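Heads up, the thing below is written out as structure tokens.
The values are calculated or read from the model by the stated rules, or taken from the named source; none is laboratory data. Just so it is clear, the structure is predicted and the values come from calculations on it, not from any experiment. Cβ placement follows ideal geometry from the backbone for every residue including glycine, while neighbour counts extend to all protein chains displayed.
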Amino acid sequence: MNDGLLDIDALDFGKGDGLLPGIVQDARTEAVLMLGYLNRDALQATLDRKRVVFYSRSKQRLWEKGETSGNTLNLVSVTADCDNDTLLIRVNPAGPACHRNTPTCFGDGTLPASEGFAFLARLEEVIEARIAGNPEGSYTARLYSSGIKRMAQKVGEEGVEVALAAQAGDASELVSESADLLFHLTLLLRASGLSLGTVAAELAARHRAKP
């Protein structure tokens, strides 16, 4: 799954005594999750399994991320840097990437306000999990099971609430109602086989089309 961008034979394994550092990035949020090392066999196993496999320097063997925890890194793409001695590995993580049960190995895994947009991808994951698991008392699962018409009605209701909060000049209420609207819109898109990424792509296309 190198999308034609990775030439394994061109990689400079010799510079790092047979190992290349692999920067792991969430393909949806673009958050940097962790750093690991891969030899040629680990890279080949990663491409074959479509899950990230590292070389453990302490255990002196290949190890697949999540082989004990189940928190695998599902491969999206692998590309090399300009010197062919570092890899960027884009993934869809199945669970926390860090052994401390945080999304990333850097910091405590919380998102500063400047990175809040990244949570929208997490929101889609949470909605997907609620729909799949249908846990007792889940508002998300219950609304999803009510059908497109009801979900569309909720989006309309929340849109009105956003407009009313804006007209009233209540910033706190505007933020709260906007959050409700985004949640319900995300759920409606999911039920329609779409995503926030689909909408973002449309906005980007419109931007590119403007003179």
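Here are the numbers for this structure:
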{"read-out": "Of all residues in the stretch 149-201 being under 25 Å from the mean Cα position of the chain (by Cα) and more than 25 Å from Glu30 (Cα to Cα), the one that is surrounded by the fewest Cβ atoms within 10 Å (Cβ to Cβ)", "value": "Ser176"}
{"read-out": "Selection within the stretch 53-96 - over 17 Å from Ala42 (Cβ atoms), touching a residue at least 60 places away in the same chain (Cβ under 8 Å) and assigned to a loop (DSSP other than H, G, I, E, B)", "value": "Asp83"}
{"read-out": "Cβ-Cβ under 8 Å pairs, at least 6 apart or on other chains, the stretch 4-19 side farther than 12 Å from Asp83 by Cα and assigned by TED's automatic domain parsing to the domain that holds Leu43, far side aromatic (Phe, Trp, Tyr) and at pLDDT 90 or above", "value": "Gly16/Tyr37; Leu19/Phe13; Leu19/Tyr37; Leu19/Tyr55"}
{"read-out": "Unmet requirement for Leu19, which otherwise passes all of (1) out of contact with any strand residue (DSSP E or B) (no Cβ under 9 Å at 6 or more places or on another chain); (2) farther than 12 Å from Arg90 by Cα", "value": "(1)"}
{"read-out": "Of all residues making up the stretch 64-100, the number that are within 16 Å of the chain's Cα centre (by Cα) and on the phi > 0 side of the Ramachandran plot", "value": "1"}
{"read-out": "Candidates Glu136, Glu124, Glu161, Glu157 - the one that is part of a loop (DSSP other than H, G, I, E, B) and either acidic (Asp, Glu) or at pLDDT 95 or above (or both)", "value": "Glu136"}
